[in-house]
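To keep things clear, I will list the structure first and then write my remarks on it.
The values are calculated or read from the model by the stated rules, or taken from the named source; none is laboratory data. Quick caveat, the model's predicted, so the values are computed rather than measured. Methodologically, a virtual Cβ is constructed for each residue, glycine included, from the backbone with ideal geometry; neighbour enumeration extends over all protein chains shown.
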Amino acid sequence: MANVLIEEIAGDEQVLSHTSAMKNLAEFKIFWSVLRARVRWRPLLRSVNDWMAMFETSLLLLRQQHGSSSSAVPKWTASLHSVVWAVLAELDAWPDIHEMVGDTLEVHATAVTALVLSAGRELSQNIRWITRHRDVSRVRGAEAPGHGDAAGIRRRQRRATAARDAHRSRLLSDSFGYIALATPRALRAAALVVAFKHEQAAGPGVVREWFCLVCQALFNPCLVLFSPCPHDRRRFFINPTSVVDPLHLQYFKFAGRMIALALRHKIHVGVLFDRTLFLQLAGRPITLDDIADPDPSLHASCKKILEMDPTLVDSDVLGLRFIREVDVLGLRTVTELFPGGKDTSVNSENLYEYINLLIQDSFVNCTRRQLGHFAEGFSSMLGETISQTAFFESLNVEDFDEMLGGSKDSIDVKQWRAHTHHRGYKENDGQVNWFWKVVESMTVEQQRRLLFFWTSVKHLPSDGFLGLDCRLFIFRASSSRDHLPTSQTCFYHLNLPAYTSLSMMQSRLQMVVQEHVSCGFGAS
């Protein structure tokens, strides 16, 4: 033990200087006990690191032998399984090294997850340890240990709702098939598992990416389900011309499910609802002021009519009747606002009634079926204990914006940097300073793409990086400087090679923030 102790403290100037400052025997004995403890935990920590690395190597070999699509996963051997738990329990007895243990486990998250999921009798014995270190395991949500026994965990895994093998080129149709066919009870109760075809990545990061990409496709104006507001392209209302797609009602139901699921999983998809859509879901009436964003032309026309001299309106110089004329794909149609409306003139006495009926027909009547299917899909994800009206009762549009769309503000790079920690780099290293200098020079959209590549989070919570569930990390990658950065989005890890100049850093990051690269390039 003395030889081991000498080897451990050799070259440790802090230890040697502290030893030379000892004043009495009692103080020396205390310090000696601390050193003996350090001798015990250092080799144990190294052993944990070696065992975890060995497990992940075996996993890599298995995938190479059976292919990336193989569901076979190596298990911890019974003997080693017990030893690892015993060592982790021993290390957990020293609070001073909890952060160091956590860093070691974060590097080997796959092995930690397998260790937790394979826990049998040890689960109840180590439940406090599992709960404390849940952030380094890929087991999340309903799968997380601590919500039941080991058998319950495995049952939840078996009934996990899977969007597996979703092909990126057919993302919307593939996802529609998975989610539309699943029962509401299964979607609410089970974990959501997502995997893109021909990609090994899986986990929370892939789920976040999938939500953002599917919602981006659903609200793409080219799909004709929703239309963006002219002055705010992130804000949408139902497109009445969606009837051109024979499957549009099924897709509205699917859209309702996806939006509600995003809220359940607390994922900001960057989509905002126009006030008219929000009010209809909340069961509230739509007024003239509410249509200013989705149809500024109709809003301006109605305001102008209301401000006209009543005698001019009564003269019927405008020729207004209780009808609404609409162009749908080049075909002009006329709809009566009530029976006999085409023969009823608008005058100063019925002017407000005309405006209200016109708004009702433009934003409610013509999209009633679409809204009904969207609401059906949305409500099915709320469960039986809460109604859609009750859900929206205490909300306003701004509240819902924060819940679904996230922050509308530009990214605060200073807060981003303050919320990021480094492994293998120091805060004042050239690569770190170059990295943040490049980030500061990016456009807001490029910054969002980099953040998405790094974390699968494109739209931050309303309080920015402080609202994320964990901190971000930049790891020094061992790969060649010719390589691009990679990421582990589940754990907010960016693996950054040691580039040798600012220009090299800039060129590599500029490649990463291209739209076709920032999606699906990193690992989970």
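Here are the numbers for this structure:
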| quantity | calculated |
| --- | --- |
| Answer from 333, 311 - the residue that is outside the structural domain of residue 278 (by TED's automatic domain parsing) and either in a strand (DSSP E or B) or touching a Gly at 6+ places or on another chain (Cβ under 8 Å) (or both) | 333 |
| Residue list for segment 351-371, restricted to those being touching a residue at least 24 places away in the same chain (Cβ under 8 Å) and in contact with a Phe, Trp or Tyr (Cβ under 9 Å, 6 or more places away or on another chain) | 354, 357, 358, 363, 367, 369, 370, 371 |
| Search result, residues across segment 284-308 that are surrounded by 13 or more Cβ atoms within 10 Å (Cβ to Cβ) and in a loop (DSSP other than H, G, I, E, B) | 284, 286, 287, 292, 293, 294, 295, 308 |
| Identity of the residue in segment 338-363, among the hydrophobic types (A, V, I, L, M, F, W, C) and either part of a helix (DSSP H, G or I) or outside the structural domain of residue 322 (by TED's automatic domain parsing) (or both), that ends up nearest to the chain's Cα centre (by Cα) | 363 |
| Number of the exception - residue 324 against (1) out of contact with any helix residue (DSSP H, G or I) (no Cβ under 9 Å at 6 or more places or on another chain); (2) outside any helix (DSSP H, G or I); (3) under 30 Å from residue 251 (Cα atoms) | (1) |
| Out of 172, 187, 192, 181, sole residue that is at pLDDT 85 or above and either out of contact with any Gly (no Cβ under 7 Å at 6 or more places or on another chain) or closer than 29 Å to residue 294 by Cβ (or both) | 172 |
| Subset of segment 195-246 [in a loop (DSSP other than H, G, I, E, B), modelled with pLDDT of 90 or more and among the aliphatic types (A, V, I, L, M)] | 224, 225 |
| Where residue 318 falls short, out of the listed (1) modelled with pLDDT under 90; (2) outside any helix (DSSP H, G or I); (3) within 30 Å of residue 266 (Cα to Cα) | (3) |
| Residue among 291, 286, 305 that is in contact (Cβ under 8 Å) with a residue 40 or more places away in the chain and farther than 20 Å from residue 392 by Cα | 305 |
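One line per residue, one yes/no per condition, for (1) aromatic (Phe, Trp, Tyr); (2) assigned to a loop (DSSP other than H, G, I, E, B):
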{"residue": "428", "(1), (2)": "no, yes"}
{"residue": "431", "(1), (2)": "no, no"}
{"residue": "435", "(1), (2)": "yes, no"}
{"residue": "440", "(1), (2)": "no, no"}
{"residue": "445", "(1), (2)": "no, no"}
{"residue": "450", "(1), (2)": "no, no"}
{"residue": "454", "(1), (2)": "yes, no"}
{"residue": "459", "(1), (2)": "no, yes"}
